[in-house]
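Here is the structure we will look at.
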Amino acid sequence: MLARLDRGQLPITFTTVDLSNLLEILVEQVQPLAAARQIKLVSDLPPALWIQGDPDHCTSLFLNLLDNAIKYTPEAGQVRIWTSDRQPNSEHEVRICVSNTGAGIDPQHLPHLFERFYRTASARSQGHNGVGLGLAIAYQIVRLHSGMLSAESEPGRETRFTVTFPRCDALSAKHTVS
């Protein structure tokens, strides 16, 4: 998938997407995974967040972020998805945050998280499966949507991934369905 993204060969169909609706469906999908590990899954999304995007790629992006958050949260921890209230350009941007409690990520690793095959030593030592492509793919999907993906972490407390997309105006949004 990543190679096809790089070559511009991955089909992408932009349409108006109600990101709130799509995210609520994804939260319902991953709820059993969180419940099995006694992880509290919190969703705090407004009724409608419209973007121009590819619904399938947005699904892959946010499933990856939610799955990682659940995977790296210790039992009885919390995963949260919400719109950031720190939006200086909120009339032009949609900013979604996915965070989890837990060990966090050492600051030296943050600049490399979106590189191919990059895995932290703690991820390898904890026996988490994966080859280090999920965040690289997520990063490319966000770029295809003219957005940004960033990561912040407070070791021992929280990790937060923030996705920023251009906001779709309400006039074009009301004529299409997600």
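The values are calculated or read from the model by the stated rules, or taken from the named source; none is laboratory data. No experiment lies behind these values; they were computed from the predicted model shown. Don't worry about glycine lacking a Cβ; one is built from the backbone with ideal geometry, like all the others, and counts go over all protein chains shown.
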- [ ] Looking only at the range 51-75, count how many residues are among the aliphatic types (A, V, I, L, M), at pLDDT 95 or above and over 11 Å from the mean Cα position of the chain (by Cα).
- [x] 1
TODO: Might you check whether a residue that is closer than 24 Å to GLY77 by Cβ, part of a helix (DSSP H, G or I) and at pLDDT below 70 occurs anywhere in the range 130-141?
DONE: no
Task: Cross-chain or 6+ apart pairs with Cβ under 6 Å, the range 146-175 first and at positive phi, then at pLDDT below 95 - done: SER146/PRO166; GLY156/GLY104
Task: Residue among SER90, SER20 that alone is at pLDDT 90 or above and either surrounded by 15 or more Cβ atoms within 10 Å (Cβ to Cβ) or not in a strand (DSSP E or B) (or both) - done: SER20
TODO: For the range 23-45, name all the residues that are among the small types (Gly, Ala, Ser), surrounded by fewer than 18 Cβ atoms within 10 Å (Cβ to Cβ) and more than 14 Å from the chain's Cα centre (by Cα).
DONE: ALA35, ALA36
Open item on the list: I'd like the residue in the range 46-55 that is in contact (Cβ under 8 Å) with a residue 40 or more places away in the chain and not β-branched (Val, Ile, Thr) and, out of all such residues, is surrounded by the fewest Cβ atoms within 10 Å (Cβ to Cβ).
Closed with: ALA48
- [ ] Select from the range 95-109 the residues that are closer than 15 Å to GLY156 by Cβ, outside any loop (DSSP other than H, G, I, E, B) and β-branched (Val, Ile, Thr) and list them in ascending order.
- [x] THR101
